[in-house]
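Engineer: Shown below is the structure under consideration.
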Amino acid sequence: MNNKARNSAHAACTTVLVGKKASIDGTVMVARNEDFHEAISPKIFVLEKAVHESGRIYKSLNTGVKIPLPEKAYRYTSVPQAYPHDKENNGVYGEAGINEKNIAVSSTESIYGNSRVLAYDPLVKTGIAEDAINDIVLPYINSAREGVDFLGKLIAEYGSAEGNGIIFADVNEIWYMEIPCGHHWAAVRIPDDCYAVAPNQTSIEAVDFADTNNYAYSDGIQEFVETHHLNPDRAGFNFRHIFGTSSEQDRVYNTPRAWFAQKYLNPEIEQSPTSNDIPFIQKASRLISVEDVEYILSSHYNETEFDPLGNGNTEFEKTRFRGISLSRTAESHILQLRPNVPEGVAGIQWLALGTTAFVPYVPFFTNVLDTPLAYKRMTKRVSVDNAYWLFKLVAHFVELHYSTFKKENNAYLIEMQSYGRRRVKEITDAASKMPAKEMSEFLTEENKKNAEYVLSKTKDYLSDLIKDSFGYSKLSFTMDKNL
């Protein structure tokens with residue numbers, strides 16, 4: 001998550017993208033952890049209705065930018081802040097969703113431009129920031145590439161308030177767009193047979209200006225770079241080298257996450273977690289499943305010396321690198337677009353709330369009339385009847401005694417994974433046989449059943465965790481059982 005425009009505290013995300021020929025079932029997957037700057041950042045899951053009204057203007061609670069909106073807006077899902085008017089939130093931050101045309105947007109992956117670039121194209125404090133992007137783009141686009149062009153025109157007019165990476169996807173392709181400075185940007189189409197990992201660094205590498213089928217960029221970007229002597233390479237146009245950073249912070253905070261994801265999907269490749277040359281786009285040694293993406297986004301350098309919950313030789317090793325799953329993860333999503341099913345069941349938003357290492361991803365079909373009550377309702381007081389608080393509590397108790405609860409937590413997560421996959425097939429098969437006009441109502445009810453089942457199982461699991469935790473008090477003392 002990007003919090004630079006509203007708070008100086010550091011916040012960031014991890015993005016995983018999977019092309020349709022790289023996935024195990026031919027689907028496109030766009031996934032990201034939304035990491036906040038505080039341990040508590042309540043999120044809700046809502047459906048924004050379609051609108052047909054002229055004269056509407058979007059005003060950001062964060063930067064104040066005002067943007068006239070198109071007359072017609074499609075229905076779309078969103079994962080906004082529960083309390084956008086709170087001082088610490090100060091914005092909607094819809095983050096991720098799929099619209100009724102099965103177009104997905106995930107915004108945004110925080111990135112940083114270097115000082116050379118920012119000297120000549122500084123960020124615009126009153127420009128477009130992460131809090132606004134999903135709401136000013138997702139309701140109005142009909143393809144992934146259209147999303148790049150749509151946002152690119154807005155950035156040219158209003159400027160960007162922060163460095164961001166934005167993902168656009170449809171059932172055919174994924175486009176990843178990076179805006180490291182006030183007005184200049186580049187975007188690349190992820191090859192169908194590849195995956196990509198973005199860990200809060202400017203990631204796009206070589207840009208081929210002659211290949212407009214796979215690359216897009218801001219007007220005048222080549223002249224901008226040439227005029228201000230910004231290209232450090234003797235040949236070519238490497239966006240990462242020209243616009244990005246390469247610092248000690250990157251090698252502690254960013255590159256290790258890309259290293260771990262690629263170590264998992266390409267174990268045959270030897271790389272260093274502090275390498276400056278870890279590629280953005282990679283071809284996996286096998287096909288990638290939803291569960292693989294969940295594993296990456298739920299990981300904390302598992303089975304390496306860098307795991308803070310593991311058995312590394314020293315505390316320095318165990319805390320050396322910033323992990324992928326964090327206690328301050330607000331939500332994590334996998335936006336799955338499936339080409340070989342009816343359009344009405346093509347879009348699925350897998351959603352995990354809180355610390356991904358310990359909680360499940362729940363599948364929600366996006367062609368619906370509403371979202372489940374426990375996901376869209378939020379209370380500032382902790383309540384197990386609210387999905388966000390329930391999962392935060394589970395994560396807290398598991399982490400408190402991780403070595404003791406790890407086995408049971410894994411069993412719980414595997415059970416929820418199997419349930420989710422099974423339900424996706426059951427619902428898809430049933431919905432595919434019904435008229436399109438009945439599908440949205442059916443899917444709404446099935447999403448509700450999914451939520452109720454997972455939340456019920458999770459409440460039972462939380463109850464067991466709490467009761468077991470009582471036995472680990474430091475004020476215990478073993479004596480004669482009669483004393």
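Engineer: Evaluate the charge dipole of segment 12-379 about its Cα centre and quote only its size in Debye, nearest 20, assuming +1 on the Cβ of each Lys and Arg and -1 on the Cβ of each Asp and Glu.
Structural biologist: 600 debye
Engineer: Strictly greater than 20 Å: what percent of every Cα pair in segment 329-483 meets that?
Structural biologist: Tail of the P(r) past 20 Å holds 54 percent of the pairs.
Engineer: Sticking with this structure for a sec: Mind checking the full-extension length gain between Ser403 and Tyr120? Use 0.36 nm per residue of separation minus the Cα-Cα distance, one decimal, nm.
Structural biologist: My answer for the length gained is 96.7 nm.
Engineer: Could you pull out every residue, at least 5 positions away or on a different chain, whose amide H is within less than 5 Å of the one on Gly127? Hs are placed 1.01 Å off N in the peptide plane, and Pro or chain starts have none.
Structural biologist: Sorted by chain and number, the residues that satisfy this are Ala161.
Engineer: From the Cα gyration tensor of segment 363-421, with a ≥ b ≥ c the square roots of its eigenvalues, which class applies: rounded if a/c is under 1.5, or else prolate if a/b is larger than b/c, or else oblate?
Structural biologist: Here segment 363-421 falls in the oblate category.
Engineer: Right, here's the next one. When the solvent-accessible surface of protein heavy atoms is calculated with a 1.4 angstrom probe, in what order do Asp170, Asp149 fall, highest first?
Structural biologist: Order by accessible area, largest first: Asp149, Asp170.
Engineer: Same structure, new question: Taking the DSSP beta bridges in the chain as the whole, what percent of them are antiparallel, to the nearest 5?
Structural biologist: 95 percent
Engineer: Next question, about the same structure. Of all the Cα-Cα pairs you can form in segment 316-406, what percent are over 22 Å apart? Can you show the working numbers first?
Structural biologist: On the way: 1675 of 4095 pairs.
Pairs farther apart than 22 Å: 41 percent.
Engineer: Next up: At q = 0.06 Å⁻¹, what log₁₀ I(q)/I(0) does the chain have when each alpha carbon counts as one equal point scatterer in the Debye sum?
Structural biologist: Results for the chain at q = 0.06 Å⁻¹ read -0.26.
Engineer: Then there's this: Sort Val92, Val65 from largest to smallest accessible area, using a 1.4 Å probe on the heavy atoms of the protein chains. All intermediate terms of the calculation are to be shown ahead of the outcome.
Structural biologist: Working: Val92 40, Val65 10 Å².
Final ranking, largest accessible area leading: Val92, Val65.
Engineer: Hey, another quick one. What accessible surface, in Å², does a 1.4 Å probe find on Ile98, ignoring ligands, DNA and RNA and rounding to the nearest 10?
Structural biologist: Accessible area of Ile98: about 0 Å².
Engineer: Label Phe209 and Tyr453 with points 7 Å out from Cα along Cα→Cβ: what is the distance between them in nm?
Structural biologist: Inter-label distance under the simple model: 5.5 nm.
Engineer: Could you order Lys380, Lys457, Lys43 by accessible surface area, starting with the largest, using a probe radius of 1.4 Å?
Structural biologist: Heavy-atom accessible area, descending, gives Lys380, Lys457, Lys43.
Engineer: In addition: Accessible surface of Arg251 in the full protein assembly, 1.4 angstrom probe, to the nearest 10 Å²?
Structural biologist: The accessible area of Arg251 comes to roughly 70 Å².
Engineer: On the principal axes of its Cα set, how long, how wide and how thick is segment 139-187? Give whole Å, largest value first.
Structural biologist: For segment 139-187, the Cα extents along the three principal axes come out at 31, 17, 14 Å.
Engineer: Accessible area per residue for segment 178-241 in Å², computed with a 1.4 Å probe and the full protein assembly in place, what is it?
Structural biologist: Accessible surface, normalised per residue, equals 43 Å².
Engineer: In square angstrom, rounded to the nearest 10, how much accessible surface does Leu400 have for a 1.4 Å probe?
Structural biologist: Approximately 100 Å² for this residue.
Engineer: A further question on this structure: Mind checking the per residue accessible area of segment 312-367 for me, 1.4 Å probe, whole number of Å²?
Structural biologist: For segment 312-367, the solvent-accessible area averages 28 Å² per residue.
The values are calculated or read from the model by the stated rules, or taken from the named source; none is laboratory data. Every value quoted in this text rests on a predicted model; they were computed, and no experiment measured them. Note that each Cβ is placed from the backbone with ideal geometry, even for glycine, and that neighbours are counted across all protein chains shown. With ligands, DNA and RNA removed, areas are computed over all heavy atoms of the protein, side chains included. Shrake-Rupley method; radii C 1.70, N 1.55, O 1.52, S 1.80 Å.
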